[in-house]
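J.: Please read through the structure below; I'll follow up with questions.
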Amino acid sequence: MIEFQHVKKIYGETAALKDLSLTIKSGSIFGFLGHNGAGKSTAIKSLVSIVQPTDGEIIIDGQSLKTHRVEIKRRIGYVPDTPDMFLQLTANEYWALIAAAFDLSEEQKRKQLNQLTDLFDMQDQRDNELDGFSHGMRQKAILIGALLSDPDIWVLDEPLQGLDPQAAYDLKELMKAHVVKGKTVIFSTHVLDTAQQLCDDLAILKKGELIYNGSVTQLLEKHPNESLEEIYLSMAGRNSENFGTILSEKRP
């Protein structure tokens with residue numbers, strides 16, 4: 001179980017997160033939803049120790065991230081919101097770097113790489129530099145690196161962005177299989193159909209504030225005959241009256 005306890009993050013005079021408190025259950029797929037700048041990536045980067053919260057605590061299975069940072073980081077596989085990193089390395093060199101960071105044996109690395117590169121159709125790209133990859137190919141390379149150590153907790157920031165339909169489908173199936181084993185998947189997305197399809201629970205953020213935290217099923221039951229997209233936009237989207245005013249002002 002993962003707990004955010006009154007987590008705040010302030011950049012200058014801007015509050016990226018305002019007193020975020022929520023619980024993410026083990027054995028579930030948890031989604032972060034929100035517009036650009038809502039605080040999704042800040043929450044995720046706080047969990048994976050890229051960002052240090054201004055205040056509050058993050059607790060993973062009873063351990064504080066502040067005092068057990070190394071142990072917790074070894075349990076997490078992280079995919080950032082952009083795959084443009086380590087571009088000077090070949091895919092094999094990048095994966096070797098990840099394997100070394102997680103102390104994987106050569107046999108563990110070989111077994112995992114064979115499975116993942118076969119699944120994501122990357123076998124013929126292993127000796128090519130990431131710099132020469134398309135966005136989607138880089139995303140696959142970073143995904144393989146994140147899953148290489150078979151971590152308990154997957155933290156995926158916009159993981160489907162740029163993936164081809166087959167790779168996106170395969171990743172979603174991997175996510176479902178991971179939680180069946182009692183593990184945890186946390187991801188952010190702007191694709192609300194995907195969130196409705198995959199998530200057990202979700203958090204909706206708006207300008208750094210938590211405006212909904214709970215199950216997808218309960219949210220849909222409260223709004224019968226509406227899709228998650230319609231519900232989300234009514235909660236976090238643009239005010240419809242303001243939109244009408246903008247449209248009228250644009251008319252000749």
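The values are calculated or read from the model by the stated rules, or taken from the named source; none is laboratory data. Everything numeric here is computed off the predicted structure, so don't read it as measured data. Positions of Cβ are generated from backbone atoms using ideal geometry, with glycine treated the same way; all protein chains shown enter the neighbour counts.
J.: Which number in (1) in contact with a strand residue (DSSP E or B) (Cβ under 7 Å, 6 or more places away or on another chain); (2) at pLDDT 95 or above marks the one condition that His68 misses?
T.: Of the numbered conditions (1) in contact with a strand residue (DSSP E or B) (Cβ under 7 Å, 6 or more places away or on another chain); (2) at pLDDT 95 or above, the odd one out for His68 is (1).
J.: Go through the stretch 26-57 residue by residue and tally those that are in contact with a Leu (Cβ under 9 Å, 6 or more places away or on another chain) and part of a helix (DSSP H, G or I).
T.: 6
J.: Which residues, taken from the stretch 65-81, are surrounded by 14 or more Cβ atoms within 10 Å (Cβ to Cβ) and of a type in the set (Val, Ile, Thr)?
T.: Matches in the stretch 65-81: Ile72, Ile76, Val79.
J.: Can you tell me which residue is surrounded by the fewest Cβ atoms within 10 Å (Cβ to Cβ) among those in the stretch 180-197 that are at pLDDT 95 or above and within 24 Å of Thr42 (Cα to Cα)?
T.: Looking at the filtered set, the residue picked out is Lys183.
J.: Checking the condition at pLDDT 90 or above and either exposed (fewer than 14 other Cβ atoms within 10 Å of the Cβ) or in a helix (DSSP H, G or I) (or both), which residue from Thr217, Thr245 passes?
T.: On the way: Thr245 fails: at pLDDT 90 or above.
That would be Thr217, the only listed residue that is at pLDDT 90 or above and either exposed (fewer than 14 other Cβ atoms within 10 Å of the Cβ) or in a helix (DSSP H, G or I) (or both).
J.: Thr54 - would you say it is exposed (fewer than 14 other Cβ atoms within 10 Å of the Cβ), farther than 28 Å from Met137 by Cβ and over 19 Å from the mean Cα position of the chain (by Cα)? Steps first, answer last, please.
T.: Numbers: exposed (fewer than 14 other Cβ atoms within 10 Å of the Cβ): no; farther than 28 Å from Met137 by Cβ: yes; over 19 Å from the mean Cα position of the chain (by Cα): yes.
Here the answer is no, as Thr54 does not meet what is asked.
J.: Can you tell me which residue in the stretch 58-78 is nearest to Ala43 (Cα to Cα), limited to those that are in a strand (DSSP E or B) and of a type in the set (Val, Ile, Thr)? Lay out the reasoning, then the answer.
T.: Step one: filter the stretch 58-78 for residues in a strand (DSSP E or B), giving 58-60, 63-64, 76-78.
Checking which are of a type in the set (Val, Ile, Thr) leaves us with 58-60, 76.
Working: Ile58: 10, Ile59: 13, Ile60: 14, Ile76: 15 Å.
In this case the residue turns out to be Ile58.
J.: Name the residues in the stretch 155-198 that are over 19 Å from Ala38 (Cα atoms), in contact with an Asp or Glu (Cβ under 8 Å, 6 or more places away or on another chain) and in contact (Cβ under 8 Å) with a residue 60 or more places away in the chain, would you?
T.: Val179, Lys183, Thr184, listed by residue number.
J.: I'd like to check something: does the stretch 11-21 contain any residue that is touching a strand residue (DSSP E or B) at 6+ places or on another chain (Cβ under 8 Å), part of a strand (DSSP E or B) and of a type in the set (D, E, K, R)? Spell out the reasoning first.
T.: So the first thing to find is which residues in the stretch 11-21 are touching a strand residue (DSSP E or B) at 6+ places or on another chain (Cβ under 8 Å), and the list is 15-21.
Checking which are part of a strand (DSSP E or B) leaves us with 15-21.
Applying the additional criterion that residues be of a type in the set (D, E, K, R) yields 18-19.
Scanning the stretch 11-21, I find at least one residue that is touching a strand residue (DSSP E or B) at 6+ places or on another chain (Cβ under 8 Å), part of a strand (DSSP E or B) and of a type in the set (D, E, K, R), so the answer is yes.
Residues checked against (1) modelled with pLDDT under 95; (2) surrounded by fewer than 23 Cβ atoms within 10 Å (Cβ to Cβ); (3) in contact with a helix residue (DSSP H, G or I) (Cβ under 9 Å, 6 or more places away or on another chain):
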site	(1), (2), (3)
Leu20	no, no, yes
Thr23	no, yes, no
Ile29	no, no, yes
Gly34	yes, no, yes
Gly37	yes, yes, no
Ser41	yes, yes, no
Lys45	no, yes, no
Ile59	no, yes, no
Gln63	no, yes, yes
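J.: May I ask you to verify whether Ala91 is among the aliphatic types (A, V, I, L, M), out of contact with any helix residue (DSSP H, G or I) (no Cβ under 9 Å at 6 or more places or on another chain) and over 20 Å from Lys183 (Cα atoms)?
T.: No: the conditions fail for Ala91.
J.: On to the next question. List pairs: first in the stretch 1-24 and within 26 Å of Asp152 (Cα to Cα) and in contact (Cβ under 8 Å) with a residue 12 or more places away in the chain, second surrounded by 22 or more Cβ atoms within 10 Å (Cβ to Cβ) and of a type in the set (Lys, Arg), Cβ under 6 Å, 6+ apart or cross-chain?
T.: If the second residue must be surrounded by 22 or more Cβ atoms within 10 Å (Cβ to Cβ) and of a type in the set (Lys, Arg), the pairs left are Leu17/Lys9.
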